[in-house]
Structures are given as C-alpha cells and as structure tokens.
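Report on the structure given below.
The values are calculated or read from the model by the stated rules, or taken from the named source; none is laboratory data. The structure displayed is predicted, hence computed values, not measured ones. Cβ placement follows ideal geometry from the backbone for every residue including glycine, while neighbour counts extend to all protein chains displayed. We work out accessible area using only protein heavy atoms, side chains counted, and drop any ligands, DNA or RNA first. Shrake-Rupley method; radii C 1.70, N 1.55, O 1.52, S 1.80 Å.
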Amino acid sequence: RAKKQGRSNYQLFTQNMNSEAMRRVHLDHSLRRALENQELEVFYQPKVDLQTGQVFALEALIRWQEPGGKIIPPDEFIPLAEESGLIIPLGAWILEESCNQARRLNRIFQTPLRMSVNLSPRQFKHRQLARQVDEILERTKLRPDLLELEITESAMAKNPAKALRTLHELSELDIYLSMDDFGKGYSSLYNLKTFPINSLKIDGSFIRGLPNDLQDAAIVKTVITLGESMGIEVLAEGVETREQHDFLIKQGCRQGQGYLYSPPAPAKNLDYILSRPLIS
Ligand code: C2E
Ligand code: MG
Ligand code: MG
Ligand code: MG
C-alpha cells in the first residue's frame with residue numbers, strides 16, 4: 001500500500017513539474033511578446049514626507065496586463081525574466097520610461113521629484129549597468145540626482161566586494177542609491193558601513209506588526225536610529241494604517257510609502273496625486 005501511494009505521489013510530482021515547466025515556457029514567450037506589444041505599463045507609487053504629507057519621490061513598479069485583462073504581478077514574471085535574461089532589455093525599457101516620466105513631471109512641478117527604479121539582481125550584476133544608466137540619463141536629460149536605484153539588500157550581499165565596486169560606479173554618476181527590503185536579507189553592518197548608500201527601505205514585513213508587536217517596534221526603532229546616526233535616510237515600506245504612521249512619526253522616521261498614502265498608480269493619475277499632501 002505504501003509503495004503504491006509512493007508511486008502515485010511521484011507521478012503527481014512529475015506531472016506538476018511538467019506543467020510548471022510548461023507554464024514557464026509559456027510565460028517567457030508571452031512576456032517577450034508583451035514587451036513588443038506594449039502590454040507592460042509602469043505604475044508609480046509615491047514616497048511621502050511623513051511630516052508634511054508631500055510626495056518627494058515616486059517608485060516605478062512594473063505592471064503587465066494581458067490582452068484578456070488579466071494582470072500578472074511582477075513577483076511572478078520578474079524572476080522569470082531574471083532567469084531568461086530578458087530582464088536586461090526589459091529593465092532598460094523601464095528605466096528609460098521612468099526617466100522620461102520624471103522629466104515630464106519635473107517640468108510641470110516646481111519642487112524636484114526623484115524617480116526611483118528597482119534593479120533586479122541580474123541587472124545589478126550586469127557589467128554595462130553604469131554605462132547603460134549613464135546613456136539613459138543622457139538621452140532623457142534627467143538630472144542624475146533625481147534618479148534613484150533600489151537594489152535589494154540580498155542582491156548587494158551576494159558578492160559584497162563586487163557590489164561595492166558597482167555601487168561606486170553608480171554613485172559616481174551622482175545618482176541616489178537605496179537598499180531595498182532592508183532587514184529581510186542577510187544584513188551585515190560592515191556592508192552598511194562601506195556601501196555608498198543614501199537610503200534604507202525598511203521591509204514592509206517589519207511595519208505590518210506596528211505598533212503592537214514589540215519585536216517589530218524594537219527593530220524599526222533601531223533601524224531609524226541607525227540610519228540617522230549614519231547619515232542615511234530611512235523609509236518605511238508598506239505603511240497601511242494610521243497607527244503605523246503615528247508610530248513612525250513618533251520614532252522620528254521621516255519617510256514612508258504604502259497604501260495608506262497611495263497605491264501604485266498609472267502615469268495618468270500622477271498630476272492629481274501630486275497636487276496635494278497625501279496625509280495630514
Ligand atoms: P519592492 O520594490 O519592495 O516593492 C514594494 C511592493 O509592495 C510593490 O509590489 C508594491 O505595490 C507593494 N506595496 C506598496 N505599498 C504596500 C502596502 O501598503 N502594503 C502591501 N502589502 N504592499 C504594498 P509589486 O508592485 O507587486 O512589486 C513586487 C516586487 O517586484 C518589488 O518589490 C520589486 O522587487 C519587484 N519589481 C516591481 N517592479 C519592478 C521593476 O520595474 N523592475 C524590477 N527589477 N523589479 C520590480
Ligand atoms: Mg522597491
Ligand atoms: Mg521593497
Ligand atoms: Mg520587495
């Protein structure tokens with residue numbers, strides 16, 4: 001009996017493997033097509049000055065809507081594009097699109113807005129990264145200090161010596177660099193000390209339990225203090241409630257991002273979103 005069950009489990013396993021593999025091939029194919037057919041759209045989520053409620057930056061977040069209307073979240077296709085290498089042209093497209101958007105907004109609004117773009121690990125490892133970024137800045141005429149690149153802590157930690165070189169190349173372009181999902185990866189205080197980082201984004205998983213979860217509260221407080229004493233800006237990701245917001249303010253955190261202020265929105269909504277403070 002056990003043997004029989006074992007076999008059927010195995011069959012189930014291979015069946016799943018096949019359909020998973022097929023799903024990926026299919027997804028990879030449709031992603032290439034999507035890029036050509038402009039089914040991909042960059043959404044933008046505000047980063048908010050917690051004191052004033054004013055938006056000081058936008059984070060570009062890619063969205064894929066299939067012709068049928070189905071939205072495929074980036075967590076599903078970015079890893080796939082990573083594996084296939086498609087992330088390199090895709091990432092370059094997202095960067096250029098976002099820089100163009102930033103240029104447009106900075107022509108309209110008086111106060112300078114920063115545009116923040118996520119880099120996947122493979123983009124971060126790519127030899128030509130700094131050159132690519134430089135070329136896009138050149139083409140779009142965006143002021144370099146108005147571009148921010150978000151790199152996850154884990155992507156930086158994989159090969160710290162190489163990461164340090166890349167970060168220096170990037171910071172020589174005068175762009176702004178932030179460590180994304182801070183606290184989720186293998187943090188090393190040594191990396192924090194040596195990397196030329198302008199900002200830390202505290203991972204949303206630590207914000208969720210605020211203000212009641214004592215561990216979350218302790219971690220968040222500590223990171224805020226750490227950033228402050230090191231001259232690194234600290235932003236809280238995934239702020240969803242007024243209570244979380246109030247806690248962050250009380251602890252001296254100056255920057256936040258999350259559904260409480262605004263979800264990621266299409267470019268056409270930005271003029272309205274940027275016209276007023278998002279919290280008071
Ligand atoms: P991330 O860079 O850490 O982005 C934060 C994610 O949290 C986004 O999910 C955002 O929509 C979501 N979020 C924002 N506010 C809240 C909130 O209050 N509560 C909750 N629960 N979630 C919130 P999204 O857009 O699905 O992106 C997921 C991840 O996919 C991103 O994490 C980033 O790693 C990656 N990604 C997204 N767009 C791009 C892109 O253009 N290029 C690359 N390389 N990666 C991207
Ligand atoms: Mg990010
Ligand atoms: Mg993040
Ligand atoms: Mg994330």
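Describe numerically, in nm with one decimal, the distance between label points set 7 Å from Cα along Cα→Cβ at residue 21 and at residue 125.
Spacing of the two 7 Å Cα→Cβ label points: 2.3 nm.
Counting other C-beta atoms within 10 Å, and keeping those with at most 15, which DSSP coil trypsin sites (Lys or Arg not before Pro) do you find in region 105-136? Display every interim value, and only then the final one.
On the way: sites: 107, 114, 122, 125, 127, 131; in loops: 127.
Taking region 105-136 and a limit of 15 other Cβ atoms within 10 Å, the loop trypsin sites (Lys or Arg not before Pro) found are 127.
In percent, how large is the relative contact order of region 99-194, given Cα pairs closer than 8 Å and 6 or more residues apart? Walk me through the numbers on the way to the answer.
On the way: 115 pairs, mean separation 29.3, N = 96.
That works out to 31 percent.
Could you look at region 29-89 and say what percent of its accessible area is carbon and sulfur, using a 1.4 Å probe and all protein chains? Before the final figure, lay out each step's value.
Details: 1370 of 2840 Å².
Using a 1.4 Å probe with all protein chains present, region 29-89 comes out at 48 percent carbon and sulfur.
Principal axes first, then extents: for the Cα atoms of the chain, list largest minus smallest coordinate on each axis, whole Å, largest first.
Computed over the chain, the largest-to-smallest principal extents equal 66, 48, 40 Å.
Return the calculated 222 nm mean residue ellipticity for the chain, to the nearest 500 deg cm²/dmol, obtained by summing -39500 (n - 2.57) across DSSP H runs with n ≥ 4 and dividing by the residue count.
Values: 12 runs with 143 residues, N = 280.
My calculation for the chain gives -16000 deg cm²/dmol from helical runs alone.
Out of residues 5 or more away from residue 114 or on other chains, whose amide H comes under 5 Å of its own, with H placed 1.01 Å from N in the peptide plane?
Here the answer is 57, 58, since their amide H atoms fall under 5 Å of that of residue 114.
HN-Hα J couplings of region 75-82 from phi, Karplus 6.51/-1.76/1.60, θ = phi - 60°, integer Hz, Gly and Pro as x?
With coefficients 6.51, -1.76 and 1.60, one gets 4, 8, 10, 5, x, 5, 5, 4 Hz.
Mind listing the phi-derived Karplus ³J(HN,Hα) values for region 266-280, rounded to whole Hz, using 6.51, -1.76 and 1.60 with θ = phi - 60°, and x for any glycine or proline?
Each residue's phi maps through the Karplus curve to give x, 3, 5, 8, 5, 4, 5, 4, 7, 7, 7, x, 8, 7, 9 Hz.
Residue by residue through region 56-67, which ³J(HN,Hα) values in whole Hz follow from phi under the Karplus form 6.51 cos²θ - 1.76 cosθ + 1.60 (θ = phi - 60°), with glycine and proline marked x?
10, 7, 10, 9, 7, 10, 6, 10, 10, 10, 5, x
Quick check: Cα centre of region 233-280 to Cα centre of region 199-218, how many Å?
Answer, in whole Å: 15.
Say the cut-off is 30 Å between C-alpha atoms; which of 158/268; 47/158; 70/250; 162/250; 193/221 go over it? Walk me through the numbers before you get to the answer.
On the way: 158/268 38 Å; 47/158 27 Å; 70/250 41 Å; 162/250 38 Å; 193/221 19 Å.
Long pairs (Cα-Cα over 30 Å): 158/268; 70/250; 162/250.
Which three numbers, in whole Å and largest first, are the semi-axes of the equivalent ellipsoid of region 36-166 derived from its Cα gyration tensor as √(5λ)?
Numbers: eigenvalues 107, 83, 47 Å².
The equivalent ellipsoid of region 36-166 has semi-axes of 23, 20, 15 Å.
Just to be sure I follow the definition: excluding the sites themselves, where is the longest run in the chain that has none of the chymotrypsin sites (Phe, Trp or Tyr not before Pro) in a DSSP loop with at most 13 other Cβ atoms within 10 Å? Walk me through the numbers on the way to the answer.
Values: sites that count: 186, 259.
With a cap of 13 other Cβ atoms within 10 Å, the longest stretch comes to 1-185.
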